[in-house]
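Engineer: Here it is, the structure in full.
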Amino acid sequence: MPRRWRRAAHGAFWLAVLAFYTVYFGRADGDYRQSFVFVCLLLPLTAATTYFFTRFLIPRYLLARRYGRFALYSAYALVGSVYLALALLMAAFIFIAEYRVGAMTPATLDVPGLLVGTYLVVFLAAAIDLLERWYAMQAANTRLAQARLEAELKLKEAELHLLKAQIHPHFLFNTLNNLYGLALARSDQTPEAVLRLAELLDYMLYRTQAPRVPLADEVAHLRTYVALETLRYDDRVAVTFEAGGPFGDAEIAPMLLLPFVENAFKHGVRPDPGAAWVDLRAALDGSTLTFSAANSTPPAAARGDGLGLATVRRRLDLLYPGAHALTTDDAPGRYAITLHLDLDAHADDVPAGG
């Protein structure tokens, strides 16, 4: 609350207390003029006691959980304010009533009622102050949580950009190696391979900037990559690629499946013709995508996840937390991965660029 409004609120509060006290002490005989004069003496004491609690005792001791000192100093404050209230009552008896008990407002002679009326206002103001502090603390906690969430999102966005940047050089390195092999062999298929590479780059550079792309486009991108690899290896590998559509309006994070296909060709092709195979399958059941990539392996081949699979595992954790299952099957002569992915359970709070 702005300071100007806070001061106005405090002024309105004390004007209400002034009116309350005037009515409270003048209710017995209806002499509100005399009770008003007495209240003008009592109100500064009430205000001082109130602000002593709300500006000193509560923030310094109660909110700091120094309960012993808070109780001790509160008792001192109550005793001191009672003493001053009785002194004000004596001053009213002397200067207002001129030593005449009958001239005193009847309510002012009710000492317990006088103290109750005084401390009712003090405790009410303290309760309002505590409530206001609680709301301010809640608002601060909300702002802190929001700031922490925004920081986490920025970190997640930066990590996703880094992971995606790792995929692109990895992909280009493998593809350029393919073209280099065709060029060395002076293959007639080199122009077609360059055309396929152009299609892959067009997809990678211009159609993967959104956080999600149509699943049909991603599968078409995989088919182009497979066609490029088939050109490179020719009769050295038998390739099967089955994609059970239609995929409708299903969407997926871009370049998510490519590392599986890259690794299948990287580890699945043998030097001897006709001995290698790669089997790729994609099927959509409702919102669940099942993708598998299996490949033959040479005897005693040393395999690992590699950069591509390590990257895609991390991307899955960030983009589809708790909504994917990635399993591997490493058997003699065969290596396979299977991914089950709930496409509707993507992390909506991940910014574009993932």
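For (1) of a type outside the set (A, V, I, L, M, F, W, C); (2) over 54 Å from the mean Cα position of the chain (by Cα), each residue gets a yes or a no:
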site	(1), (2)
LEU18	no, no
THR22	yes, no
SER35	yes, yes
TYR51	yes, no
MET90	no, yes
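Engineer: While we're on this one: For the range 72-82, how many residues are open to solvent by less than 50 Å² (accessible area, probe 1.4 Å) and among the β-branched types (Val, Ile, Thr)?
Structural biologist: Total meeting the criteria: 1.
Engineer: Follow-up. Taking the criterion of being loosely packed, with under 12 Cβ neighbours inside 10 Å, on the phi < 0 side of the Ramachandran plot and not acidic (Asp, Glu), would at least one residue in the range 19-30 satisfy it?
Structural biologist: For the range 19-30, residues loosely packed, with under 12 Cβ neighbours inside 10 Å, on the phi < 0 side of the Ramachandran plot and not acidic (Asp, Glu): absent.
Engineer: Any residue in the range 41-49 that is open to solvent by less than 70 Å² (accessible area, probe 1.4 Å), touching a residue at least 60 places away in the same chain (Cβ under 8 Å) and over 17 Å from ALA126 (Cβ atoms)?
Structural biologist: Yes, because at least one residue in the range 41-49 is open to solvent by less than 70 Å² (accessible area, probe 1.4 Å), touching a residue at least 60 places away in the same chain (Cβ under 8 Å) and over 17 Å from ALA126 (Cβ atoms).
Engineer: Within the group ALA136, ALA85, which residue is assigned to a helix (DSSP H, G or I), within 20 Å of THR22 (Cα to Cα), modelled with pLDDT of 70 or more and open to solvent by less than 90 Å² (accessible area, probe 1.4 Å)?
Structural biologist: ALA85
The values are calculated or read from the model by the stated rules, or taken from the named source; none is laboratory data. Note that the structure is predicted; figures quoted are calculated from it, not measured. Cβ sites come from the backbone with ideal geometry, for glycine too, and all protein chains shown count toward neighbours. Side chains included, ligands, DNA and RNA excluded: accessible areas come from the protein's heavy atoms. Shrake-Rupley method; radii C 1.70, N 1.55, O 1.52, S 1.80 Å.
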